Each structure stands twice: as structure tokens, then as C-alpha cells.
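Here the structure is laid out as C-alpha cells; the discussion comes afterwards.
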Amino acid sequence: QNYSLFPHMTVEENIGYGMKIRKESKADIARSVEEMLRLVQLEGYGKRRPDQLSGGQRQRVAIARAVINKPMVLLLDEPLGALDLKLRRQMQQELKRIQKQLGMTFIYITHDQEEAINMSDRIAVMREGRFEQVGTPNEIYYHPETAYVASFVGDANIYREAGKVYAIRAENVLMDGEEACIYDAVVREKSFAGGQLRIVFELANGQMITANRYGIDAEREVGEKIKIGWHSSCAVQVAEDKEGRHGEAESR
């Protein structure tokens, strides 16, 4: 988490270091550094040194120092991990804009599944050092190949029936009064998760099913008996487990 900044250099000098090594003009360096400072919202910090910055600010300097060189391929290993949620989302959009504007390939490593879905054109889900599945965000989310991928990316229920394994997204679980509600269930838990209600049901066979619902279902009580279900098109058959495969993938 030290971001490998040069402690004896100012923010401006850190960001412009690559251009200086390439012997670009001072005017070009100054103009590009100013642009990068605006990009990472650090205007007015150019004369400070790394030890005068917060962790999030140092992270932004490291991003600016890498992006200013406009490489063909940029490797980012958890680049936004030290930023608060609001700034993290802003920087996600800025990084996407930079990538598209410059035609630059980003190989982006993150443990934040939402960030991966939002930022990538192509995702590789890794497990124990191997690729479990490689595909577009849509493929990874809606057509997971294994139970591991389904449960790792987003909220998915792993449901077993007649020797088969299915993944059902929590937002696709239906309740009393809606079509396809054929399973007897009991409400075991409920919690408010900012704009939606998270309800955990226990089926008659002991399997647990989670539903993400909106506030209209707040009257559901723990212990209440209910019928739930899902449309067959929302139940994606997946492999119980699968050995990862070697290969190459990029997030662009």
C-alpha cells in the first residue's frame, strides 16, 4: 500500500517522471501533469511530497503517473482499493474514459465483483490460480458455468434438484401471488440493505434461498410460511465444481 512513489519528489515530479526520462519538453510535461492532476482531483497538491498525502491521495498519484505515459497495456492491481466509495466510482468512470479515449488495454485485477462487472469488456474469474471462466460481464453474470462463478459474482442461490445444480439470481426469486411460486418455504432472516430487502428462506428440503426484494415486502416476518419460486428461464444449470483452466484473458 505504499504505491512505490518517490519520497524525495513532489507530486508533480512523481507524475511527470516517465516523461522526463523520455526527455520530453518541460512545457509538454507541465501541461500533461496539470491534466493528470485534474483527472485524479488533486489540483493544488502538485508541490506536496508523498508523506504529506493520505493513502487515497497517494494512490491517485500512482494512477496518474502510470496513465500519463499512455502505454499500450496497463496492469492495474487493485488500483482503487484505498479510495472511498464515492471517489472510487468516479475514478472507475475516469479510467474507463481514459481507456476508450486512448485505445489502451487495461488488465485490471480486483476482488470487487461489482467493479469487475462495471468496468470490464471481458472478465476472467480465477480460483486457486486458474481460470474458472472467461467471458463478457453478461456471460459471467447470466450464464455462469460453475457454482463457484455463480456464487462469486453477484448474489446467486445454488439449488440442487434431481441430481442437477442450478444457479438462481436473488433478484429473480418470486414470492406469494407471483407466477411459478410452487415451493413451500419459511422466512428465516430478513435485513434491509439500502434500497432493498434481503430475505432468506428455508425450503421444505432444508435448502436456503435468498431473495433481494424492495420495501413492499417489509411486512414479511421471520417464521412466516410462504410459497416462493422462479421462472425456469432464470434457473441456469451449472457444474457443481470444475478444475480451473489455464489461458489468457484481458479486461479492456
| Residue count for region 174-185, restricted to those that are in a strand (DSSP E or B) and either at pLDDT below 90 or surrounded by fewer than 15 Cβ atoms within 10 Å (Cβ to Cβ) (or both) | 4
| remark: Those residues of region 119-133 that are in contact (Cβ under 8 Å) with a residue 40 or more places away in the chain and either open to solvent by less than 70 Å² (accessible area, probe 1.4 Å) or touching a helix residue (DSSP H, G or I) at 6+ places or on another chain (Cβ under 7 Å) (or both) come to a total of 8
| said: Show the residue pairs meeting these rules: Cβ distance below 8 Å; 6+ apart or different chains; first residue within region 151-178 and at positive phi; second residue in a helix (DSSP H, G or I) and of a type in the set (S, T, N, Q). | reply: G154/Q113
| task | Scan (1) closer than 27 Å to A239 by Cβ; (2) in contact with a Phe, Trp or Tyr (Cβ under 8 Å, 6 or more places away or on another chain); (3) outside any strand (DSSP E or B) for the single condition A150 breaks and write down its number. | result | (2)
| said: Considering only residues that are charged (D, E, K, R) and more than 22 Å from F106 (Cβ to Cβ), which ones fall in region 128-152? | reply: E128, E145
| Among the residues of region 19-47, how many are small (G, A, S) and either on the phi > 0 side of the Ramachandran plot or in contact with a Pro (Cβ under 9 Å, 6 or more places away or on another chain) (or both)? | 1
| Just for region 164-208: of the residues that are within 25 Å of the chain's Cα centre (by Cα) and among the aromatic types (F, W, Y), which one is farthest from V236 (Cα to Cα)? | F192
| said: Any residue that is closer than 14 Å to E161 by Cβ and either small (G, A, S) or modelled with pLDDT under 90 (or both) - is there at least one of those in region 215-224? | reply: no
| query | Within the bounds of region 164-173, is there any residue that is open to solvent by less than 80 Å² (accessible area, probe 1.4 Å), in contact with a Cys (Cβ under 9 Å, 6 or more places away or on another chain), in a loop (DSSP other than H, G, I, E, B) and aliphatic (A, V, I, L, M)? | reply | yes
| Selection within region 1-24 - within 31 Å of the chain's Cα centre (by Cα), of a type outside the set (S, T, Y) and crowded, with 17+ Cβ neighbours inside 10 Å | L5, V11, E12, N14, I15, G16, G18
| request: Using the structure shown, decide if A211 is open to solvent by 40 Å² or more (accessible area, probe 1.4 Å) and within 26 Å of the chain's Cα centre (by Cα). | output: no
| Unmet requirement for S191, which otherwise passes all of (1) over 22 Å from A66 (Cβ atoms); (2) modelled with pLDDT of 90 or more; (3) part of a strand (DSSP E or B) | (2)
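The values are calculated or read from the model by the stated rules, or taken from the named source; none is laboratory data. A quick note: this is a predicted structure, and the numbers were derived from the prediction, not measured. Positions of Cβ are generated from backbone atoms using ideal geometry, with glycine treated the same way; all protein chains shown enter the neighbour counts. Only protein heavy atoms, including side chains, enter the accessible area calculation; ligands, DNA and RNA are left aside. Shrake-Rupley method; radii C 1.70, N 1.55, O 1.52, S 1.80 Å.
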